[in-house]
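So the structure is just underneath, and the comments pick up after that.
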Amino acid sequence: MQFSGQILKMISQNGKPIQYYLNLNGDLINMNQLFGKELHIQHVGYECVNCGSDEKIYRMGFCKKCFFESPYASDTIIRPELSTAHLGVGERDLEVEKQIQLVPHIVYLAYTGDVKVGVTREAQIPTRWIDQGATFALPIAITENRYEAGMIEVELKKHVADKTNPKKMLLDDYEDTLDLIDFRNKIADYFPNDFKKFAVSEENIIKLDFPYEKPEKINVFTLDKKPEFNGVLKGIKGQYLAFEGDDFINVRGHEGYVVELTV
């Protein structure tokens, strides 16, 4: 079988185990069905996820121009506390920013090799946690917009990590869920006073079942350095494909890359 097209982040379906679908120009390939099979991946070009140009991808699937102009790549995507749509003030495109920012958001704790704090739209649960490779996660606040969630995160990340270490996430198989409850209780006093009303006392920790086994080591490669790759697919965690020989590729990190995939 041969497929070709622009890489977008894998679509996931929560289950036991999680089902993954590689998205090549809208063609969805069930990757779980390819475990144990040899894949040949060849990088043949670029296609910006925003404008469709064949310019080299700069960041996040965008060409350089779109990265600095598209509302889908604005600073508020990474730093929600900078959001201003709730004030009626736009950064790049107010109407798009309203759709992203003026919806309920979740502040959460997730275990990805370490406990971390994060923010996502409520509609992105549990997809966000799956994409991060979280073994388990716990909502700790529900806000009315992105700004409010960002302000809570700003204070909490003074005490808890806010980024995932990919190697720790991929090497870890720890499954004790008690830490998130402990962390939630310990950091409750760090909520900004004006935002304590958004805190929730959720006790239901969400566990995620990845089709994945802990490897001996991690060798992450990119299509920039290895434009042609052959390997037997072994498992998936987060947005990483795991191959025999402990080779890994971050699919989301290659959004906008055009590839030919042969099974």
Calculated P(r) of the stretch 172-255 - Cα pairs past 20 Å, %: 55 percent
DSSP bridge pairs, the stretch 181-261: antiparallel proportion in percent, nearest 5: 80 percent
The chain - share of DSSP beta bridges that are antiparallel (%, nearest 5): 95 percent
Distance in nm between pseudo-label sites at Asn230 and Arg92 (7 Å out along the Cβ direction from Cα): 4.1 nm
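In debye to the nearest 20, how big a dipole does the chain give about its Cα centre with +1 on each Lys and Arg Cβ and -1 on each Asp and Glu Cβ?
200 debye
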Listed residue (Gln42, Phe3, Gly235) projecting farthest to the positive dipole end of the chain, Cβ model: Gln42
Volume in Å³ per residue [convex hull over Cα atoms, computed for the chain]: 123 Å³
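Quick one: work out the % antiparallel among DSSP beta bridges in the stretch 74-207, nearest 5. Walk me through the numbers before you get to the answer.
Details: 17 of 18 bridges.
Here the share of antiparallel DSSP bridges comes out near 95 percent.
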Rh by Kirkwood over Cα pairs, then Stokes-Einstein D for the stretch 1-141 at 1.567 mPa s and 4 °C, µm²/s: 74 µm²/s
For the stretch 194-224 versus the stretch 32-60, the gap between their alpha-carbon centres in whole angstrom: 24 Å
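Can you compute the equivalent ellipsoid semi-axes for the stretch 74-207, i.e. the square root of 5 times each eigenvalue of the Cα gyration tensor, sorted largest first and rounded to whole Å?
The three semi-axes for the stretch 74-207 are 25, 17, 12 Å.
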Rounded to the nearest 20 debye, dipole of the stretch 74-207 from Cβ charges on Lys, Arg, Asp, Glu: 160 debye
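We did not get these values from a lab; they are worked out from the coordinates using the rules stated. Here the structure is a predicted model, which is why all the values come from computation and not from measurement. Every residue, glycine among them, receives a Cβ derived from its backbone with ideal geometry; neighbour counts consider all protein chains shown.
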